[in-house]
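In what follows, a single structure is set out as structure tokens and then discussed.
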Amino acid sequence: MNGIKNMETATVLTLKDQVAYQEGQIVSKTLVQSMSVGITLFSFWKGEFISTHESNGDAFVLCLDGVGRVEIDGVSYILKEGEAIVMPANHPHAVYGEENFKMMLTVVFPQLNFKK
């Protein structure tokens, strides 16, 4: 089954409370991982980062708490609570905790054998 995991069902939840800050660390909690989509919650301690890399899927970042910085093709964007950005597939990007920062990452992967 490729459903949602690591979350209570039929319960109202506050997403930013589903992943805790840990000093000096990046914490992640995978909610969905399949061939077509990945959804992960992250918390970044101030100053922690995910270095520049590329993905073959479009990545949607939603800031849940704090202040983060997303770099796409060498351009920096600041995200605050409630703000979002799309990191396009096959473009170099990185994520930084400008302050303590929580985000939800949704990656949509290309379908190699798409049938109409």
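Per the Debye formula on identical point scatterers at the alpha carbon atoms of the chain, with no solvent, log10 I(q)/I(0) at q = 0.15, 0.17 Å⁻¹ is -0.66, -0.84. Basic side chains Lys and Arg get +1 at the Cβ, acidic Asp and Glu get -1 at the Cβ, and with that the dipole of the chain about its Cα centre reaches some 480 debye.
Counting 0.36 nm for each residue step from PHE60 to GLU99 and taking away their Cα separation leaves a gain of 12.1 nm. FRET efficiency for the pair ASN90 and MET35, taken as 1/(1 + (r/R0)^6) with r the Cβ-Cβ distance and R0 = 22 Å, rounds to 0.80. In terms of its C-alpha gyration tensor, region 1-59 comes out oblate, because a/c is 1.5 or above while a/b does not outweigh b/c. Under 20 Å from a point 7 Å along the Cα-to-Cβ line of GLU81: which residues of region 2-17 have their amide N that close? Taking a point 7 Å out along Cα→Cβ of GLU81, the residues of region 2-17 whose backbone N falls under 20 Å are 12-17.
Quick check: with the 1.4 Å probe, what order do GLU23, GLU81, GLU48 take by accessible area, largest first?
Of GLU23, GLU81, GLU48, the descending order of accessible area is GLU23, GLU81, GLU48.
Beta bridges assigned by DSSP with both partners in the chain are antiparallel in approximately 100 percent of cases.
Full extension of the chain between GLN22 and VAL108 gives 28.2 nm of extra length, using 0.36 nm per residue less the Cα-Cα distance. Averaged per residue, the chain has 61 square angstrom of accessible surface, using a 1.4 angstrom probe with ligands and nucleic acids left out. For the chain, carbon and sulfur atoms together expose 53% of the accessible surface, with a 1.4 angstrom probe and every protein chain in place.
Think of the chain as a dipole: +1 on every Lys or Arg Cβ, -1 on every Asp or Glu Cβ, centred on the Cα centre; then among VAL19, SER55, VAL37, VAL37 lies furthest on the positive end.
The values are calculated or read from the model by the stated rules, or taken from the named source; none is laboratory data. Just so it is clear, the structure is predicted and the values come from calculations on it, not from any experiment. For neighbour counting, all protein chains shown are included, and Cβ atoms are generated from backbone atoms with ideal geometry for every residue, glycine included. Side chains are part of the model used for accessible areas, which takes the heavy atoms of the whole protein and leaves out ligands, DNA and RNA. Shrake-Rupley method; radii C 1.70, N 1.55, O 1.52, S 1.80 Å.
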